[in-house]
């Protein structure tokens with residue numbers, strides 16, 4: 001049975017003190033009986049302290065990005081070895097903001113995937129269409145190409161280290177809203193695309209998260225869809241009460 005996961009991407013929010021406060025709130029509020037695997041992704045400068053703070057909990061710490069090179073003259077970048085060296089073994093790759101703001105291509109993301117998997121890291125692989133793609137009816141093609149070009153080069157055995165995260169970019173901060181039915185339609189398509197390339201066993205086992213403005217008031221309905229296995233949460237993950245409500249919606 002595939003994992004249920006709720007991951008919080010904190011982006012460029014929370015200083016050291018605020019990070020500790022939010023972690024303490026999550027430790028206190030997340031029910032021990034929750035069936036979801038909980039992941040948090042603080043900023044790079046707070047990763048080591050987060051790992052230490054969560055040592056005796058079930059909450060996993062993820063990085064928001066990693067460089068594709070092992071080391072070198074790449075000012076301001078972070079390597080996979082640096083992350084695993086402090087106990088961070090999960091990384092978010094291909095996030096829509098990395099693609100749009102930092103011009104990360106499918107080829108670059110594929111290189112980062114290779115590096116992360118080489119270091120035995122779990123990859124949360126993000127992908128999804130923009131509003132113009134949805135309006136033109138090209139959304140399925142965009143998603144299929146992002147998967148194939150950024151991820152489908154990996155070996156079958158590597159899939160146990162991969163979590164998919166579908167982000168309908170058009171439904172994040174645009175005033176547009178994606179319905180639970182639209183989420184299910186795309187997740188079903190994604191699973192079928194994986195099935196065609198890698199077989200039914202991998203397709204049924206891979207966790208597919210939804211990352212389209214999940215909030216406490218819509219999480220339960222979205223998570224009830226058969227091919228939605230949890231969420232990659234942005235803004236709502238910065239508030240303990242909201243994030244816990246989403247976690248328990250699983």
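Please treat every number below as a calculation from the coordinates, not as lab data. Bear in mind that the values here come from a model prediction, so they are computed numbers and not experimental data. Cβ atoms come from the backbone with ideal geometry, glycine included; neighbour counts cover every protein chain shown.
Observations on the model:
- Segment residue 18-residue 241, length gained on full extension (0.36 nm per residue, minus Cα span): 78.8 nm
- Radius, Kirkwood style, for the chain when every pair of distinct Cα atoms is counted (Å): 18.2
- By average C-beta atoms within 10 angstrom, highest first, the peptides 152-158, 206-212, 183-189: 206-212, 183-189, 152-158
- A protection proxy built from the mean count of other Cβ atoms within 10 Å ranks the segments 84-91, 23-30, most packed first, as 84-91, 23-30.
- With contacts taken as Cα pairs under 8 Å at a separation of at least 6 residues, the chain carries a relative contact order of 23 percent.
- Protection proxy ranking, highest mean first, for peptides 16-22, 190-196: 190-196, 16-22, where packing is the per-residue count of other beta-carbon atoms within 10 Å, averaged.
- Mean-position separation - Cα centroids, segment 47-102 and segment 182-210, in angstrom: 26
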